[in-house]
Amino acid sequence: MAAPNGLQPTAALAERVLLPGDPGRALMLAESLLDGAKMFNHNRGLWGYTGLAPDGEPLTIQSTGMGGPSAAIVVHELIGLGARRLLRVGTCGALRPGLALGDLVIVTEAIVADGTSRALGAGERVPASPELLDTVIATASPPFPDHEHAVHSGPIVTADLFYDDRGLERSWSEAGALAVEMEAATLFALAGPRGAQAAALLVVSDIILPERTRIGQEDLQAAERRMGEAALRALTADGAIAQP
């Protein structure tokens, strides 16, 4: 590929990548999950890090920024540079009863309500990569069950607006969406046609229906750590390292 524009790599890129939206979350995950982390990218404030995972193999953690357009640039360039297994680790707003703040959501498919994935050719729904999705489902629950926070799996909706006054949340819920977020459909639409695997694991940071409720900052940080540990288990499971 041509020289990347959004990313300016300053370290090696691993074939397996965690994709938080928030640069601060990228730093937190790098500090807690990687040994010998080196900054992979700081261009445009999109912090990224590469280090060794507990299995002794390299892992990159790269922030995508907010929304589909920013994520599309980052994901496109990562795949062009050699990334082959990409797992989004982000936040979402719950749309269905039974989801609580701090729960985890494994995304099986994204309902397309954003412009970026539409521009990439996505239809009404775009699925996660089956092999990586199966691994995330198999490894998401911690070795010692957390009876306070559940792990859910199902469709979500990807939208363009964080502050959305159009009143579409109930229709999304009726279409089967467990939650709403802003980047998964773009990731899924980009990865498959380019020979990469993609999945998404999300923390419920907000309850959207019946009224908006936000998680506390300390609880969010604890949930992000649980999410990071679950994502790490998925990318370090047997067979999770892409073969040349």
Worksheet item: Which one is right for this structure if Rg and Dmax of the Cα atoms in Å is calculated from it: [x] 18.3, 59; [y] 26.4, 85; [z] 16.5, 48?
Response: [z]
Practice prompt. Would you calculate, for the chain, the mean residue ellipticity at 222 nm contributed by helices, counting each DSSP H stretch of 4 or more residues as -39,500 (n - 2.57) and dividing by all residues, to the nearest 500?
Written response: -9000 deg cm²/dmol
Practice prompt. Please report, in cubic angstrom per residue, the volume enclosed by the convex hull of the alpha-carbon atoms of the stretch 70-119.
Written response: 114 Å³
Worksheet item: Which order, highest average first, do 12-22, 183-193, 154-164 follow once you tally other Cβ atoms within 10 Å for each residue and take the mean per peptide?
Response: 183-193, 12-22, 154-164
Fill in: the stretch 56-144 shape via C-alpha gyration tensor axes, a/c threshold 1.5
oblate
Discussion item. Can you give me the C-alpha center-to-center distance between the stretch 159-204 and the stretch 1-64, rounded to a whole angstrom?
Written reply: 23 Å
Worksheet item: Considering only DSSP states other than H, G, I, E and B, which trypsin sites (Lys or Arg not before Pro) in the stretch 168-215 qualify as loop sites with at most 12 other Cβ atoms within 10 Å?
Response: Arg212
Worksheet, complete the sentence: Once Lys and Arg are counted +1 and Asp and Glu -1 for all other residues with Cβ under 9 Å from that of Val203, the total becomes -1
Fill in: Net length gained if the chain between Ala222 and Ala100 were fully extended (0.36 nm per residue, minus Cα distance)
42.5 nm
Item to complete: Order the peptides 85-94, 33-42, 121-130 from the highest to the lowest mean number of other Cβ atoms within 10 Å of their residues.
Response: 85-94, 33-42, 121-130
Worksheet, complete the sentence: antiparallel share of DSSP beta bridges within the stretch 1-150, to nearest 5, in %, is 65 percent
Practice prompt. State to the nearest 20 debye the size of the charge dipole of the chain about its Cα centre, where the only charges are +1 on K and R beta carbons and -1 on D and E beta carbons.
Written response: 520 debye
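Each reported figure results from applying straightforward, stated rules to the coordinates on display, with no laboratory input. Just so you know, these numbers come straight off a predicted model, no measurement behind them. Every residue, glycine as well, gets a Cβ built from its backbone with ideal geometry; the counts of neighbours run over all protein chains shown.
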